[in-house]
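Inspection log for the structure reproduced underneath, given as structure tokens.
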Amino acid sequence: MSYPVSVSIDPRLTNRNRLTTAFRLILAIPHGILIGTIGFGITLGQGDPLRFSAETGLLGAVAFVLAIVNWFAILFTGEDIIGIRQFTQFYLRWRVRGLSYIMLLEDQYPPFGDASYPASVTIADPARPRDRLTVALRLLLAIPHFIALIFLVFAWWLTAIVAWLLILITAEYPQGLYEFGVGVLRWLIRVEAYVLLMVDDYPPFSLT
């Protein structure tokens, strides 16, 4: 059975743009500010409890605040707030486009907002009424995925450095590294959609 969050990316393996690849992180700064970059880790401050952190940008911060509001709404009514769901979908669509560019998966500069782009995400509506038990325990249930993403994102950064150098030299992105990058993005977006209460199905531990 397919997962209700589907990430689709048109492969770009050859004839890559070396110039924009060389300056990709600089070119992506405006999008990074708004929708974040790819990062996931554990923070432990002095006297603070263990916390998981992600790079979500300004729109992502708003989406997480709204998810708290939606959390209460679902627990009390069994339904989510339509406006919050629409905003979160907008954020995740933009995030997929922005991360695809930052992760060197696409060369086309992503639009600011909704517009056609070779990377997209589709989120199916969850069953009604919502599963209040899994919503109540959502962050606890997601901890195994948080831990897995720490290692996956770290591994992706290592492969991305290799891919960046190879693109600059050969104008090609090795297929195996490319597919790994797409898989990491797919896993990350599924978990974010789950944490943001967009779906109730538990995300698979899978890159496909």
Just report the Cα centroid separation between region 72-124 and region 134-195, whole Å. 17
Note: L140 to I161 extended length (0.36 nm per residue) minus current alpha-carbon separation gives 4.3 nm
Which log10 I(q)/I(0) values does region 5-195 give at q = 0.09, 0.12, 0.16 Å⁻¹ under the Debye formula, counting every alpha carbon as one identical point scatterer? -0.35, -0.62, -1.04
About the Cα centre of the chain, what is the dipole size in debye to 20, counting +1 per Lys and Arg Cβ and -1 per Asp and Glu Cβ, all else neutral? 140
Extension length gain for I81 and L168 (0.36 nm per residue less Cα distance), in nm, is 26.7 nm
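Given an 8 Å cut-off on Cα distances and at least 6 residues of separation, report the relative contact order of the chain as a percent. Kindly include the intermediate steps, with their values, before the conclusion.
Working: 287 pairs, mean separation 66.3, N = 208.
Here the relative contact order equals 32 percent.
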Net lengthening on full extension, A124/F151 (0.36 nm per residue, minus Cα-Cα): 6.9 nm
Highest to lowest packing among 17-25, 166-174, scored as the average C-beta count within 10 Å: 166-174, 17-25
When the chain is modelled as a GNM with alpha-carbon springs shorter than 10 Å, which of V162, V182, V195 fluctuates the most? V162
Which residue fluctuates the most in the chain, going by a Gaussian network model with Cα springs under 10 Å, if the choices are L137, L58, L196? L137
Once both label points are put 7 Å beyond Cα along the C-beta direction, the L58-R132 separation in nm becomes 3.8
Which chymotrypsin sites (Phe, Trp or Tyr not before Pro) in region 65-132 pass both tests, a DSSP loop state and at most 14 other beta-carbon atoms within 10 Å? F112
Label-point separation (nm) for Q175 and L19, each offset 7 Å from Cα along Cα-to-Cβ? 3.0
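Each value in this text was obtained by applying a stated rule to the coordinates, not by laboratory testing. Computed from a predicted structure; not experimentally measured. Here Cβ is always computed from backbone atoms with ideal geometry, including for glycine, and neighbour counts include all displayed protein chains.
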